Structures are given as structure tokens and as C-alpha cells.
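A.B. asks: First the structure, which I've put down as C-alpha cells, then a few questions once you've had a look.
Please treat every number below as a calculation from the coordinates, not as lab data. None of the values given here were measured: they were computed from a predicted structure. Glycine gets a Cβ as well: all are built from the backbone with ideal geometry, and neighbour counts include every protein chain shown.
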Amino acid sequence: MLLSLPLALIREMEQHYGTRFSTGLIKDYITEEGKGITEPYATHLISIYDDIETSFQNPDALGILRIGASVNVGSYYLPEYIELFEQQLPNIRTQVRISTTEVIETLLLENQLDLGIVGGIIHSPFIKLSPIFSEAHVAVCCPTHSMAGKTVSLSEFISQPLLCRERNSGAFCAFQSAVSQLGYPIEPAWESSSQEALLEATYLGLGVTILPEKLAKKEVSKNQLAQIHISDFSFQNTVCLAYHKNKFISSAMQNFINLVFSIK
């Protein structure tokens, strides 16, 4: 990948850092020092160089902003962000990817996304995180459930069949971490990547679940679900803006970042 960079750029980098990144022979090979910058830096160096080349050839060709979001954020917050952004900058086309926090992290590292908004745990030190807001979560059940509208302990709540997101999702990991700190294990009756499936199961009284407060209020107001008050437990998740720390912040990215923080 390093050898995909223009030769002049490689030589300039070698002079700056005082070492050789390639052999310079007719059949060029990457040195050990060169291998040290191929991951994760070379991907972003090549991307920046390609962007510069394209912008000079066609200034409008870079009118795309690639945004990723974890499932809950992508379902309940991102659509509003995208709508407002496209109203402000109608010439910028947005591409959206909604998946688990784990997948969004990988796509940011591979430079397949420009920005991410996630509610789960990011592990890579190469991803820069900026907290946007804390999202409260609420315990709910169907209106005819024995716990509907009542106050119960955490141990009583988790003794019910738990309807949860899949184990590698940010929502599950954050909930599991909060509960395990109090010494309780989590054994879901259902695990699903689909929030809609979990909602349907909850409507039918097949178990209890934890929902983002924004969604829970909507469902309770329609009398499709009822809140369960847990006396000894509350759960909040921090939603963060994420991008690769080596990523060049374009004007479109900066505009989107400013918008997100202006309406949090």
C-alpha cells in the first residue's frame, strides 16, 4: 500500500523522518520502517492524496459524506441530523451505514466511513471520540404484564425473560457492563439484531426489555408498552461522535459535526 503513494511524497517523508521506507531499487520493496506506517497511516495518506487530486480535477466530485451509526442512534437520532444537514448543504450527498458499533469502528479504521455516531464501546486508540449526549434507558413491558407501572428491584427485573439486542451490539455491551458492576449476570431469553423483533415480542408479553428513553416514551404514550420502575438501578449510555484521528476534516465533515453538537 505504501508503494501506491507518489514517489516524491515517499522521498519527502523519508527526508523528514531520516529513514528509508522503500529500497529505491527498480523492483521496489518496503523496508521494515516503511511497513510500520502502512497500517493505519498509509490508507489515510492515500485517501488524502486522492482527494486532493480529485478536487483539483473536479471540485464537485467530493460532494459525498459517509456517515455510520450504531443501531439505536441510527434509528432515533441520525435521521434528524441527516435531514437538517441536507437542508443546509443540499449539494453534499450523504451515504449512511447503520450497524453495530463494532462494524462502524472497523469501517472508520478502513476509511470506508468519514464519521460515526455510536452508543457502544470503541476499542481502537486510532478512533477519536467526542461525547455528544447521555441517553437514558427505560425498562418496559406490555401493559398487561404483572410488572407494568410497578416499582421492582433489579434482581426481580432480570428474573423475567429478557429481550435483548445481540451480544456484540453496543446496547447489549453497555447494559451488561452496568448490570455486572452490581454483581448480576445477564442471561437473555431473546437476542436479536432487530429492535422491531424485540418490540413485537414485548408487545405480546414474551418478556421485558430496556429501550432508549426516546423510544420508550413514544411506545408508552401509545399504550403499547408500560414502564417498569427499577428502584436500585438506572442506566445511561454515552453517545459519541467518532472519526479516525488521522482523518482530514473536510468542510462537509466540520459542518456535520457543528450541526450535531448544536442540537444535542
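A.B. asks: Could you work out the local net charge near residue 103, counting Lys and Arg as +1, Asp and Glu as -1, over the other residues with Cβ closer than 12 Å to its Cβ? Write out the running numbers ahead of the final one.
C.D. replies: Values: positive: 97; negative: 102, 105, 110, 166.
Spelling it out: positives minus negatives among the neighbours equals -3.
A.B. asks: Please compute the Cα-Cα pair-distance distribution of the range 52-180 with 5 Å bins starting at 0, giving whole percents from short to long.
C.D. replies: So the P(r) values, bin by bin, are 2, 8, 15, 17, 15, 13, 10, 7, 5, 3, 1, 1, 1, 0.
A.B. asks: Hey, with R₀ at 35 Å, roughly what FRET efficiency would residue 106 and residue 214 work out to, going by the Cβ-Cβ distance, to 0.05? Walk me through the intermediate numbers first.
C.D. replies: On the way: r = 27 Å, r/R0 = 0.77.
So the FRET efficiency works out to roughly 0.85.
A.B. asks: So what's the gap between the Cα centers of the range 122-164 and the range 90-110, to the nearest angstrom?
C.D. replies: Cα centroid to Cα centroid, the span is 25 Å.
A.B. asks: Kindly provide the GluC sites (Glu not before Pro) of the range 163-264 that DSSP labels as loop, not H, G, I, E or B, and whose Cβ sees at most 16 other Cβ atoms within 10 Å. Present the calculation step by step, with values, prior to reporting the outcome.
C.D. replies: Numbers: sites: 166, 191, 196, 200, 213, 219; in loops: 166.
Sparse-neighbourhood loop GluC sites (Glu not before Pro): 166.
A.B. asks: Around residue 157, with a cut-off of 14 angstrom between Cβ atoms, what is the net charge of the other residues, counting Lys and Arg +1 and Asp and Glu -1? The partial results should precede the final answer.
C.D. replies: Values: positive: 150; negative: 156, 187, 232.
Here the charged neighbours net out to -2.
A.B. asks: So which of 214/245; 150/222; 150/217 end up more than 21 Å apart by C-alpha? Intermediate values should be presented prior to the final figure.
C.D. replies: Values: 214/245 31 Å; 150/222 18 Å; 150/217 16 Å.
Going by Cα-Cα distance, 214/245 fall outside the 21 Å limit.
A.B. asks: Quick one: order 101, 202, 151 by neighbouring beta-carbon count within 10 Å, fewest to most. Before the final figure, lay out the partial values.
C.D. replies: Numbers: 101 29, 202 23, 151 11.
Lowest count first: 151, 202, 101.
A.B. asks: What is the fewest-to-most order of 117, 186, 104 by other Cβ atoms lying within 10 Å of their Cβ?
C.D. replies: On the way: 117 23, 186 15, 104 30.
Arranged by neighbour count, lowest to highest, 117, 186, 104 become 186, 117, 104.
A.B. asks: Another one. Between 233, 119, 223, whose Cα lies farthest towards the positive end of the dipole of the range 102-235 when Lys and Arg beta carbons carry +1 and Asp and Glu beta carbons carry -1, centred on the Cα centre?
C.D. replies: The Cα lying farthest towards the positive end belongs to 223.
A.B. asks: Got a sec? How would 129, 182 order by Cβ neighbour count within 10 Å, fewest to most?
C.D. replies: Working: 129 14, 182 10.
The order, fewest Cβ neighbours first, is 182, 129.
A.B. asks: Would you mind calculating the relative contact order of the range 86-208 from Cα pairs under 8 angstrom and at least 6 residues apart, reporting the percent as a whole number? Mind showing how you got there, number by number?
C.D. replies: On the way: 123 pairs, mean separation 32.0, N = 123.
Reported as a whole number, the value is 26 percent.
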